[in-house]
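Let me begin by presenting the structure, written as structure tokens, before commenting on it.
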Amino acid sequence: MANFRDLLKTTKQQIREVDTETSDRLRDQGSMILDVREADEYEAGAVPGALFIPRGHLESQIEMRLPDKDTPLIVQCAGGVRSVFAAKTLAELGYTDVASMAGGFGKWKDEGREWKVPQSLDPDQKDRYKRHLLLPEVGEEGQMKLLDAKVLLLGAGGLGSPSGLYLAAAGVGTLGIVDMDVVDRSNLQRQILHNVDRIGMRKVDSAKEAIEKLNPDVKVITHDVRLDADNIEDIISGYDLVVDGADNFPVRYMLNDASVKLGIPVVHGSIFRFEGHVTVFDPKNGPTYRDLLPEPPPPEMAPSCAEAGVLGVLPGIVGCIQAVETIKYILDLGDPLIGRYLAFDALEMSFREFKIRRDPANEITWENRDQIKVVELTDQCMPAPLEAPVASVATSNGNSAPAGRQPVGV
């Protein structure tokens, strides 16, 4: 009967084994390190960028975490034994380019090759985010991305309330909130961040109190100001992404111009009576608000919610979709609503999707970002003319030198 040594020897003959030097070179050429150690080993130190799946979960998780079976893989454990058996398993699952690292992480570390102590969740966080950690598409690495993310909520009203609460619950580590209003009794029909005890309170302070009581992991930054051309770039530049719950067209167009100039994505949402709309404007990779709506509709075609009313639960649905799109963007999951406009009708209980394409007449683009000037906008919301590029003058040595119908929000 074969013993462990016989089994290991036989398995090594069935797989490809490479030393640490070769592994390091292949990693530089694009191969992925697959770390199959236990969690406590991984948390003590790991190769940067390694995909971590404990050996005991390999068969159940690898195809969800790494669906491309042609990805070049170098399997690593502590000393090069578990990785041998893992490499055989991967080959049996159909992975075509797999090698086991001889000597494992121990030898890699002893030779002074690149490694670091990964960020990890504390026990309370592992308990709080347990349902996320069970998702192979999220896991601990994804949860750490959420905790490192910075998201700005433009408005603490109908859309900012559900999106803010769910982003906080999901563990988005920094939430900024822009709003200069106070809590009013009429808000409470739909703005679930607030309550009767906080009527008359500044909305940003009420929102901060609610979010911090929900999840103390979240840092809340309040901006109790009117968003204008003088401050918008400074405010949004501190965030990875903006969740748009603005309630007027000039602010939306100004946000568009600033976000395009800075390359910051915007998760747009709007509501009107029984209808809601969501899309993602990523200026580097797709159309923007000015491509969707080159100019605002006349006021009589787009009355505010204060004039036309809104079903109280509607912003909950739209805001939750905005939160989903935000999390997807942070984690690079699924198919985001970039270039896609999702329309929801609560009376029909139907969703429709429309394509958005770039408008060739729109000059407010990522390619023109250095020439965009963010200004206060009139009701027509026309952008400022592009600034002329910096001219060049010849120096004495001959070189060149610089011369010096859309629904509205809540």
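The values are calculated or read from the model by the stated rules, or taken from the named source; none is laboratory data. Nothing here was measured: the structure is a model prediction, and the numbers come from that model. Counting neighbours? That spans all protein chains shown, and the Cβs are built from the backbone with ideal geometry, glycine included. Side chains included, ligands, DNA and RNA excluded: accessible areas come from the protein's heavy atoms. Shrake-Rupley method; radii C 1.70, N 1.55, O 1.52, S 1.80 Å.
With both bridge residues required to lie in the chain, what share of the DSSP beta bridges run antiparallel, to the nearest 5%? Percentage antiparallel, nearest 5: 40. Annotation for the range 31-69 versus the range 225-298: alpha-carbon center distance of 38 Å. Where in the range 51-69 does the amide nitrogen come within less than 13 Å of the point 7 Å from the Cα of residue 96, taken along Cα to Cβ? Inside the label zone: 68-69. Residue 190 exposes around 40 Å² of accessible area when a 1.4 Å probe is run over every protein chain in place. Across the range 33-41, coupling constants 3J(HN,Hα) worked out from phi with the 6.51/-1.76/1.60 Karplus curve, θ = phi - 60°, read 7, 10, 8, 10, 6, 7, 4, 5, 5 Hz, and Gly and Pro carry x. For the range 313-368, GluC sites (Glu not before Pro) are listed when DSSP marks them as loop and at most 13 other Cβ atoms sit within 10 Å of their Cβ; the list is 348.
What chymotrypsin sites (Phe, Trp or Tyr not before Pro) does the range 237-274 have in DSSP loop regions with at most 15 other beta carbons within 10 Å? Answer by residue number: 274.
The candidate values were (i) -0.34, -0.57; (ii) -0.22, -0.39; (iii) -0.28, -0.47; the one computed from these coordinates for log10 I(q)/I(0) by the Debye sum over Cα atoms at q = 0.06, 0.08 Å⁻¹ carries the label (i). If a spin label sat at a point 7 angstrom from the Cα of residue 7 along the line to its beta carbon, the backbone N atoms of the range 78-117 nearer than 11 Å would be those of 85. Only DSSP H runs of four or more residues enter the estimate; each adds -39500 (n - 2.57), and after division by the residues of the chain the mean residue ellipticity at 222 nm equals -9500 deg cm²/dmol. Across all directions, the shadow cast by the convex hull of the range 176-240 built on its C-alpha atoms averages 5.0 square nanometres. Rounded is the label for the range 6-95. Its Cα gyration tensor axes, ordered a ≥ b ≥ c, give a/c under 1.5.
Each residue of the range 283-377 gets 154 Å³ once the volume of the Cα convex hull is shared out per residue.
Heavy-atom accessible area, probed at 1.4 angstrom with all protein chains present, ranks 284, 355, 208, 213 as 213, 355, 284, 208, highest first. Taking the accessible area of the range 167-230, probe 1.4 Å, and keeping the other protein chains in place, the carbon and sulfur fraction comes to 47%.
Distance distribution P(r), the range 224-297, all Cα-Cα pairs, bin width 10 angstrom from 0: 18, 56, 24, 2 percent. Taken about its Cα centre, the range 128-211 carries a charge dipole of about 140 debye when Lys and Arg each add +1 at the Cβ and Asp and Glu each add -1 at the Cβ.
Among the protein heavy atoms, those of residue 165 account for about 40 Å² of accessible surface (1.4 Å probe, every chain in place). Residue order by solvent-accessible surface for 16, 65 is 16, 65, largest first, with ligands and nucleic acids left out and a 1.4 Å probe. Projected label points at residue 388 and residue 127, each 7 Å from Cα along the beta carbon direction, are separated by 6.6 nanometres.
Send over a whole-number figure in Å² for the accessible area per residue of the range 130-209, probe 1.4 Å.
I get 40 Å² per residue for the range 130-209.
Full extension of the segment from residue 70 to residue 350, taken as 0.36 nm per residue of separation minus the current Cα-Cα distance, would add 96.8 nm.
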